[in-house]
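S.K.: Before I ask anything, here is the structure I am working with.
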Amino acid sequence: MDTEDIQTTKKFFTDEEKQLFFRKYRELLKALSESLEKDDIPKIRQLLRPVVAMECYGRDRNGINGMLRNIETALIATLDIGLKRTSVLALILYRPVLKKAITIEEVERAFNTDVSLIINRLLKTSDLYARNTAVNSENFHHLLFSFAEDVRVILIMIADRLCMMRLGKELAEEKDRIRLATEVSYLYAPLAHRLGLYKIKSEFEDLSLKYLDSKQYYYIKDKLNETKRSRDEYIANFIDPVKKKLEAAGLKFDIKGRTKSIHSINTKMKKQKVDFEGIYDLFAIRIVLDSEAEKERSDCWQAFSIITDMYQPNPNRMRDWISVPKSNGYESLHITVLGPQKRWVEVQIRTQRMDEIAEKGLAAHWKYKGGQSEKGLDEFLSDVRAVLETQGSTPMDLMKEFKMDLYQDEIYVFTPSGDLIKLGKGATVLDFAFAIHSKLGSRCVSGRVNNRNVPIKHVLNNGDTIEIVTSPTQSPKRDWLSFVATSKARSKIKQALREEYAKNAELAKEQLQRRIKNRKVDIEEAALMRYIKKKGYKTVTDFYVAISEGHLDINTVIDECIEMERRDLHETTETRSAEEFVANLEAKEMATGQDVLVIDKNLTGIDYKLAKCCNPIYGDPVFGFISTQGIKIHRMDCPNAAEMRSRFGYRILPAEWSGKGASGYGVTLRIIGNDDIGIVTNITSVISKESRVLLRSINIDSVDGLFQGTFAINIPDTSTLTVLTKKLQGVKGVKSINRVN
């Protein structure tokens, strides 16, 4: 930028600000010297000369100079994070595009598509903040990633927030500082940690503590200053002999003591419930070796050996992340040793490459501090690490290869009040309504998305703000199931439809009964059931719903039922309901021969009775039980067997059948099938054809087109029962057969 440019901007600068701007400007050019193209500077001047006059970079309401803030942010992005040409150009030109001083097309013509893409994504994230949503929502960082799309956008935002945190004291109102600090501590400090920007993360945390709890911040800061001299002396006394030993071993290295951050000390004080004086590990010693790639491990272990020879190690505090690096790529040796004055000191040993990845690069350092895993983010960051470790590459220029489609199966949208809602991709306005409340979904008739009227099947996009329009007369429709995307909406719609279905069926049933009564006709339930079946309805409920929906006329139903009954009187085929089937069967006993039951292995001819609780028959696995009424025989799977064995085990006798079963044993079968007189006739026919099987009684109940019948029979043994059951299962319309006892 030349003198002419600065003359144009002099009204924006004080003399002190002008000097500061020039210095920062030269620093930025120097940092970008290797990545800038030859004509980049002239192009920026050409674009920005008219822009500056339009006050795009003017002071904000706090009096902060826009141009200084912009160049400070660019320096953080370059020096502290490592962003290069493309990202910094986008950062510098973003505000003029936002203020509509220049167009995105002008930027693309001057530079390239990549610069304009980053600006577009910065504009999207700016729009996200303009919605005034709560950044402390657990889903906000997901939405931020989805909007940003490119990791460089997130890094630029981190740089901007760090710049604002450093300028925090210039904010006029306390509430603005608190809001900024809260946002940074909740969102940007964890983001910086996840992206491995450890120094920025620590500065974020310290500054957040400074603004949110200044009393505690300055208490710890003052304590650190008070103890700095003694701490520095101790570190020097510890390091001095170590340096001599490492130098004697021919190692190249840098060794220093690193005081823990104020935020970290505050966290320890709270966690351990102690005062400042109770924190002993206020610092750690870090040895960073200048080693060739093939000698990294051996040099680290050599340094480790020297340290542990000099000072007693604590084996329980030894961590080897060189032999097996952490899942986030972190490599280092950690050992805690007993130093001078019997104080435990943590020593970290690593190489320059390891230190750079852990401290500055995008190596997901957050796991190192125990952060919880997040599948999509971890996979993404592992790809980022691979780029960082590529020999000869310029890491941040390669970042354009990565798109932050971490949550491609999710979208994040807003309520009118700014609450953030997570939905599946493809979710509609109706899905959103049901996500808020089932009643809201059931009454939904349309929506307003970003202040535009849309139908309920409108598919939502990331960042949409949705307002639901309802009507008290609206109710769930079956076709809603064809376009909703979320399981919650689908299940709520089905539940509402079932409830509405049953309600309508009940109303239609009452209407039919009332009309029959008003017309003074007599239609038996069985006749109505036959009519329903004849009309092809699978259930009685379907029939009544057809009436409620107007597909059937009640008077027509009554007339057709009367006509069907009249015709049936002249037909010879039995057409009654299964429920009306009455069997007049004599309860004849079968021939009773002497069955042989061997009790207690070798006793026969002993009097016994078959227990009525389980009605055993010949062939069932059984046991004997000595009761006050003599020996009773129970089935092994008798409902009472477990209690008898646990409480009265001494009364249990082994028993088994011998010979052939000749007398009839009582068995009751429960059969469920379609409600039709024919099926009952077929069942009784099968039973009567079986030799040595006697049907004793039948009881039929009919409900909604199904009957449930209990058939009491006499049968000689289990093998006969098995054969009979298989034959009954072959009867058309039979759904299930179970032995009741």
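What follows is calculated from the coordinates using simple rules that are stated; it is not laboratory data. Note that the structure is predicted; figures quoted are calculated from it, not measured. For neighbour counting, all protein chains shown are included, and Cβ atoms are generated from backbone atoms with ideal geometry for every residue, glycine included.
S.K.: Given R₀ = 41 Å, FRET efficiency for THR725-LEU440 by Cβ-Cβ distance, to 0.05?
M.R.: Here the calculated transfer efficiency is 0.20.
S.K.: Where nothing but the Cβ of Lys and Arg (+1) and of Asp and Glu (-1) is charged, how large is the charge dipole of region 494-559 around its Cα centre, in debye to the nearest 20?
M.R.: 120
S.K.: Place a point 7 Å from Cα of ALA502 in the direction of its Cβ. Which residues in region 420-442 have their backbone N less than 20 Å from it?
M.R.: Inside the label zone: 438-439, 442.
S.K.: Taking 35 Å as R0, compute the FRET efficiency from the Cβ-Cβ separation of LYS425 and THR113 and round it to 0.05.
M.R.: My answer for the efficiency is 0.85.
S.K.: May I pose another question? Using a Förster distance of 30 angstrom, determine the FRET efficiency expected from the C-beta separation of GLU105 and ILE41, and round it to 0.05.
M.R.: Working from the Cβ atoms, E equals 0.90.
S.K.: Determine the shape class of region 269-341: with a ≥ b ≥ c the square roots of the Cα gyration tensor eigenvalues, call it rounded for a/c under 1.5, and otherwise prolate if a/b is greater than b/c, oblate otherwise.
M.R.: prolate
S.K.: A further question follows. Where does each of 41-48, 489-496 land if you order them by average Cβ count within 10 Å, highest first?
M.R.: Those peptides, ordered most packed to least, come out 489-496, 41-48.
S.K.: Which pairs break 19 Å Cα to Cα here: LYS494/LYS735; LYS175/LYS201; LYS457/LYS477; LYS201/LYS422?
M.R.: LYS494/LYS735; LYS175/LYS201; LYS201/LYS422
S.K.: Select from SER548, ILE532, GLY463 the residue farthest towards the positive end of the dipole of region 455-568; place +1 on Cβ of Lys and Arg, -1 on Cβ of Asp and Glu, and compute about the Cα centre.
M.R.: GLY463
S.K.: Also, quick follow-up: Listed here are the pairs LYS439/LYS517; LYS43/LYS100; LYS169/LYS221; LYS509/LYS535; which of them are more than 26 Å apart at the Cα?
M.R.: Violating the 26 Å Cα-Cα cut-off are LYS439/LYS517.
S.K.: Between SER627 and LYS732, how many nm apart are label points set 7 Å from Cα along the C-beta direction?
M.R.: About 4.6 nm separates the two model spin labels.
S.K.: In a shell of Cβ-Cβ distance under 11 Å around GLU203, excluding GLU203 itself, what net charge do Lys and Arg (+1) and Asp and Glu (-1) give?
M.R.: Cβ neighbours under 11 Å give a net charge of +2.
S.K.: State, to one decimal in nm, how far the label point of ALA248 lies from the label point of GLN312, with both points 7 Å from Cα in the Cβ direction.
M.R.: The two pseudo-label positions are separated by 2.2 nm.
S.K.: With 29 Å as the limit, write out which pairs from LYS199/LYS223; LYS30/LYS245; LYS223/LYS256 have Cα-Cα distances beyond it, or answer none.
M.R.: LYS30/LYS245
S.K.: Can you spot the lysines whose alpha carbon is less than 18 Å from LYS295's alpha carbon? Ignore those fewer than 8 places along the same chain.
M.R.: Qualifying lysines at Cα under 18 Å: LYS252.
S.K.: Let me ask something else about it. Calculate the spin-label point distance for ILE178 paired with LEU653, positioning each point 7 Å from the Cα along the beta-carbon direction, and give it in nanometres.
M.R.: Going from the LEU653 label point to the ILE178 one covers 8.6 nm.
S.K.: Related question: At a threshold of 8 angstrom on Cα-Cα distance, excluding pairs fewer than six apart, so keeping six or more, what relative contact order does region 158-207 reach in percent?
M.R.: 40
S.K.: Sorted by average packing, counted as other Cβ atoms within 10 angstrom per residue and highest first, what order do 150-157, 714-721 take?
M.R.: 150-157, 714-721
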